[in-house]
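Here is the structure we will look at.
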Amino acid sequence: MSQQVIKLSDNAASRIKEIISQSKEDTLGVRVGVKSGGCAGMEYVLEYAKTINPNDELIEDKGVKVYIDPSAIIYLIGTEMDFKKNEFSSSFVFNNPNETERCGCGESFKV
């Protein structure tokens, strides 16, 4: 069996369920992708998945559906998606073994 592209921490799965339940529109899950940008070259993109793109990779983990943009799969293999909350902010965090560099603010990465 091939390695799952993304694994979700319990915190990430709970937060995704919360986000989907609060969504005003029909939402199937979340879509994860990457795009060029940031000081290290690439940024993670997270959005509602309202439709299924035929080439999306579907990950079902802990009762949550995560659709992976096909162009992002190669950058995300083996990544754990987590949700961190502290006194001042909360955000999804990607623990990606493919990263060779990450910018100081943690918003972008390079593989």
Considering only the range 1-14, state which residues are more than 16 Å from ASN96 (Cβ to Cβ) and exposed (fewer than 15 other Cβ atoms within 10 Å of the Cβ). MET1, SER2, ASP10
With the structure loaded, tell me whether GLU47 is exposed (fewer than 13 other Cβ atoms within 10 Å of the Cβ), at negative phi and at pLDDT 90 or above or whether it fails that test. yes
Please pick out the residue among LYS24, LYS17 that is surrounded by fewer than 15 Cβ atoms within 10 Å (Cβ to Cβ), out of contact with any Ser or Thr (no Cβ under 6 Å at 6 or more places or on another chain) and part of a loop (DSSP other than H, G, I, E, B). LYS24
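A quick yes/no check of all residues on (1) among the hydroxyl-bearing types (Ser, Thr, Tyr); (2) modelled with pLDDT of 90 or more; (3) over 16 Å from ASN11 (Cα atoms):
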| site | (1), (2), (3) |
| --- | --- |
| VAL66 | no, yes, no |
| ASP69 | no, yes, yes |
| ILE73 | no, yes, yes |
| THR79 | yes, yes, no |
| THR100 | yes, no, yes |
Evaluate the following for ASN55: is it over 10 Å from LEU8 (Cα atoms), of a type in the set (S, T, N, Q), assigned to a loop (DSSP other than H, G, I, E, B) and at pLDDT below 90? no
Consider the range 29-41. How many of its residues are crowded, with 18+ Cβ neighbours inside 10 Å and assigned to a strand (DSSP E or B)? 6
Of the conditions (1) within 17 Å of PHE92 (Cα to Cα); (2) in a loop (DSSP other than H, G, I, E, B), LYS7 clears all except one; give me its number. (2)
Selection within the range 59-84 - part of a strand (DSSP E or B), surrounded by fewer than 17 Cβ atoms within 10 Å (Cβ to Cβ) and touching a residue at least 24 places away in the same chain (Cβ under 8 Å): ASP61, GLU80, LYS84
Considering only the range 42-52, state which residues are in a strand (DSSP E or B) and of a type outside the set (Gly, Ala, Ser). MET42, GLU43, TYR44, VAL45, LEU46, GLU47, TYR48
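The values are calculated or read from the model by the stated rules, or taken from the named source; none is laboratory data. None of the values given here were measured: they were computed from a predicted structure. Cβ atoms come from the backbone with ideal geometry, glycine included; neighbour counts cover every protein chain shown.
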